[in-house]
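First the structure, in the form of structure tokens, and then the observations on it.
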Amino acid sequence: MAVRDRDRFSTATRLRLLGEQTAARVYRSQTRRQARRSRLTGRAALLALVLCSLIVALAYPMRQYVSQRAQISDLQRQQEQARKRVEQLRDLKARWQDDSYAEQQIRRRLHYVMPGETGYVVIDPGAAKQSRTDLRAARRPWYANVWDGVDKSDASDQ
């Protein structure tokens, strides 16, 4: 027994036992880490699968939401433009209710003159380069050209 006690307390034996215990601890810790890694990898794969499913499930509704928001903003812009146009037309209608504005527009557009006035039509200097028929038509008031067109169409029917 004395030899065994001596062996048990010898440095070589203690070092060997210490090395075996350390190796066993390292081995156990490695297997635990590997087990944790494999579980973590499985969890990560499941998490990635769930995230991908959510992204795919939400992609179409998000696209629809974005396109509808764009459509709403376009419609609001069109509505604002229509509102401005209505306001302009109301202003124009109010102007036409004024007799002096109507008279001014009639004189300017239709070349009307009041009794006792002399009417003049100013021709653009660039019009001299046009052919004679165009010049003749440019010198005359618009209503004369309209009647000539009516006469020509009437003559072609006969």
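The values are calculated or read from the model by the stated rules, or taken from the named source; none is laboratory data. Note that the structure is predicted; figures quoted are calculated from it, not measured. Heads up, the Cβs are rebuilt from the backbone with ideal geometry, glycines too, and the neighbour counts pull from every protein chain shown.
Within the range 87-119, take every residue that is outside any loop (DSSP other than H, G, I, E, B) and of a type in the set (Gly, Ala, Ser) and give me the one that is farthest from residue 141 (Cα to Cα). Don't jump to the end; show me each part of the working.
Of the range 87-119, the ones outside any loop (DSSP other than H, G, I, E, B) are 87-97, 99-110.
Next, only the ones that are of a type in the set (Gly, Ala, Ser) stay: 94, 100, 102.
On the way: 94: 29, 100: 23, 102: 19 Å.
Out of the qualifying residues, it is 94.
Out of 45, 12, 24, 35, which single residue is exposed (fewer than 10 other Cβ atoms within 10 Å of the Cβ) and at pLDDT below 90? Give the steps one after another, and end with the answer.
Working: 45 fails: exposed (fewer than 10 other Cβ atoms within 10 Å of the Cβ); 24 fails: exposed (fewer than 10 other Cβ atoms within 10 Å of the Cβ); 35 fails: exposed (fewer than 10 other Cβ atoms within 10 Å of the Cβ).
Selected residue: 12, the only one of 45, 12, 24, 35 that is exposed (fewer than 10 other Cβ atoms within 10 Å of the Cβ) and at pLDDT below 90.
Is it the case that residue 101 is surrounded by 10 or more Cβ atoms within 10 Å (Cβ to Cβ), within 30 Å of residue 144 (Cβ to Cβ) and either under 33 Å from the mean Cα position of the chain (by Cα) or hydroxyl-bearing (Ser, Thr, Tyr) (or both)?
Working: surrounded by 10 or more Cβ atoms within 10 Å (Cβ to Cβ): yes; within 30 Å of residue 144 (Cβ to Cβ): yes; either under 33 Å from the mean Cα position of the chain (by Cα) or hydroxyl-bearing (Ser, Thr, Tyr) (or both): yes.
In short, yes.
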